[in-house]
Each structure stands twice: as C-alpha cells, then as structure tokens.
C-alpha cells in the first residue's frame, strides 16, 4: 500500500479528531501509523520525522509526537536520542521469542479463563468472530488481524491478570506483523477467521484441557509456511 493512497480526507479527519479530543489527539494518527507499520507500508528501519508526518497529515508536531510515543510503547518504532525515530525491525528471533511468551501467557492460565467465563464473555467473543468473518469477506487482512487480536485479548481478560495483559497485547501485534510481512499466505482470510470456532466451542463446554490444546495448536500454527518459529523445539 503506497503512502500516497491515504486521501486528504483521512488527513482532515485526523486533524479534526485531534482538535476535538485534545487528551487523545494522537489516537487517529496512531491508528493509521500502526496499520502502515503492520502492513509494511512503513518499512522496518525506515526513518520517521515529526515534521514530515505533521505535514503529511495536516496536524501538529505535538500530535505526531504523542502518536510516536504510543507506537514506541508497543515496540513498533524505536526513538533514540540524537538518532531520531525509526520503524522497529521485524526479525525472526524477536518473533520466535514473542511467540513462546504468548504461548506461555495464553495457555498456562486457561483454567482461570474457564472458571471466570460467563455469557457476556462468550457473547463478546462471538461478536468478534463475526467481525473477523466480515473483514475476511471484505478482503481486509488488517481489520481481520485487529479483530483477531481483540478476540484473544478479550479471552485472556477473563483470567483477571491485568498486569500480564499488556504483555499479551504486545505479543499479539508483533505476531501478526511478522505473519503479514514474512510468511506466504497458507490459508484464506475466511479460514483464518474460522480457526477460532473450536476455541469458542471448548470455552462454551467448560473444557479447560481441550481449550488449552486448541490454543496451543492455534498459536503454534499462526505461521504455517514461514520461518521456523519453534526453533526446532516443541512449544511448552
């Protein structure tokens, strides 16, 4: 996706939203830049300057600075003193490490999720599954990845481990970024969405062992034909 493909209307909406919500004025820009980084429109190690981004989107450098700070917190950009800001690299080693951390976080606490599961959680997950299906039908890989990440974050929310949840959030976005940038598609977008159905079924049945096995396989096969993320070892 070329950077020039974003219309002037998008720039105007970013500037308008920034003026209406001063506390979160960088949110619309943050979302656009996050999307470009995950999809590779902004390439790993590409330099980003506040002035250039402010001119491109018609907003203040303060708005840009806020968005870049949030992207830095997610590990999507690197901000170094006297060296500027660059898009973060997307390496196999990082992807492998984050995949193992994600596996540990999601699978180890399945019992807590099942114990605390309720109708509201299941309804939320069904809504997110349908949102994934809609994105898949529209051919929107990025929106599918957003809803996919929200699905797993919402599922883990039931474990009631708020200090751990941000770790999972970072793992999820970098897992998806690596998948999009580095692996050949091995499934249709529709198949990616439907992979979540057995997870919902196991949760509804209250079967923690089955849910753990499904999540383990789901995570281990996020990249079917890409680099070997398991490092030749079975995930724990």
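The values are calculated or read from the model by the stated rules, or taken from the named source; none is laboratory data. For clarity, every value in this text was computed on a predicted model and none was experimentally measured. Backbone-built Cβ (ideal geometry, glycine too); neighbour counts: all protein chains shown.
Would you be able to say whether some residue in region 93-111 is part of a loop (DSSP other than H, G, I, E, B) and either in contact with a strand residue (DSSP E or B) (Cβ under 6 Å, 6 or more places away or on another chain) or under 18 Å from residue 39 (Cβ atoms) (or both)?
Within region 93-111, none of the residues are part of a loop (DSSP other than H, G, I, E, B) and either in contact with a strand residue (DSSP E or B) (Cβ under 6 Å, 6 or more places away or on another chain) or under 18 Å from residue 39 (Cβ atoms) (or both).
Those residues that are outside any helix (DSSP H, G or I) and either without any contact (Cβ under 8 Å) to a residue 40 or more places away in the chain or under 15 Å from residue 141 (Cβ atoms) (or both), I need them from region 172-206; list them, please.
Across region 172-206, the qualifying residues are 183, 184, 185, 186, 187, 188, 195.
Kindly check whether there is at least one residue in region 205-213 that is buried (at least 20 other Cβ atoms within 10 Å of the Cβ) and within 19 Å of the chain's Cα centre (by Cα).
No, because not a single residue in region 205-213 is buried (at least 20 other Cβ atoms within 10 Å of the Cβ) and within 19 Å of the chain's Cα centre (by Cα).
Name the one entry in 127, 111, 123, 138 that is modelled with pLDDT of 95 or more, surrounded by fewer than 16 Cβ atoms within 10 Å (Cβ to Cβ) and touching a helix residue (DSSP H, G or I) at 6+ places or on another chain (Cβ under 7 Å).
Every option except 111 fails the conditions.
Find the residue count for region 79-88, including only residues that are farther than 14 Å from residue 50 by Cβ, surrounded by 12 or more Cβ atoms within 10 Å (Cβ to Cβ) and either modelled with pLDDT under 95 or touching a helix residue (DSSP H, G or I) at 6+ places or on another chain (Cβ under 7 Å) (or both).
1
Can you list residue pairs whose Cβ atoms sit under 7 Å apart, with the first residue in region 154-171 being on the phi < 0 side of the Ramachandran plot and assigned to a loop (DSSP other than H, G, I, E, B) and the second being buried (at least 16 other Cβ atoms within 10 Å of the Cβ) and modelled with pLDDT of 95 or more? Count only pairs 6 or more apart in sequence or on different chains.
If the second residue must be buried (at least 16 other Cβ atoms within 10 Å of the Cβ) and modelled with pLDDT of 95 or more, the pairs left are 158/113; 158/117; 158/121; 159/109; 159/113; 161/109; 164/105.
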